[in-house]
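Asks: One structure follows; several queries about it will come next.
The values are calculated or read from the model by the stated rules, or taken from the named source; none is laboratory data. Just so it is clear, the model here is predicted, and its values are computed rather than measured. Methodologically, a virtual Cβ is constructed for each residue, glycine included, from the backbone with ideal geometry; neighbour enumeration extends over all protein chains shown.
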């Protein structure tokens with residue numbers, strides 16, 4: 001497993017894509033000096049994070065975007081896919097801390113279950129079997145049920161946050177154009193609109 005990441009300061013915090021509209025993969029990259037760390041994201045996550053950061057910066061009086069001239073550094077080698085995002089605003093320091101948590105897939109959970117004792121009773125809290133909350137077997141259960149993915153924390157200046165917000169909006173808008181009738185994304189050659197049937 002790759003390590004968790006904590007970036008107290010970043011020289012670049014960018015979003016970019018690889019591929020053509022309709023088949024693009026979105027990536028988040030943090031750059032500190034020449035070291036670049038990448039994470040895979042979904043388009044909706046990029047749009048949501050961009051809107052949120054724009055609102056935060058606006059509520060704090062605005063900031064001049066601090067764009068990273070390096071942009072998305074290729075080839076992109078993501079550490080993992082982002083599952084959930086959260087943010088913590090420090091108004092005094094005028095920073096935003098973004099926490100990205102790894103998306104755990106079914107196969108990741110299967111790997112964890114392999115390390116789990118298969119001879120567990122149906123109810124480990126059953127007093128007749130002699131188990132209680134202090135037993136190792138219960139601790140294993142609780143650890144498995146509360147499993148969390150790896151995390152990456154990024155502390156951004158308001159300028160970096162605003163630059164990300166602008167980049168995110170530009171990327172989301174530059175995708176496939178929506179159909180005027182049904183709103184679904186259109187392929188370059190058009191699409192079978194259900195409104196025409």
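Asks: Examine region 168-180 for a residue that is at pLDDT 90 or above, on the phi < 0 side of the Ramachandran plot and assigned to a strand (DSSP E or B), and state whether such a residue exists.
Replies: no
Asks: Then there's this: Got at least one residue in region 57-70 being in contact with a strand residue (DSSP E or B) (Cβ under 8 Å, 6 or more places away or on another chain) and under 16 Å from residue 17 (Cα atoms)?
Replies: yes
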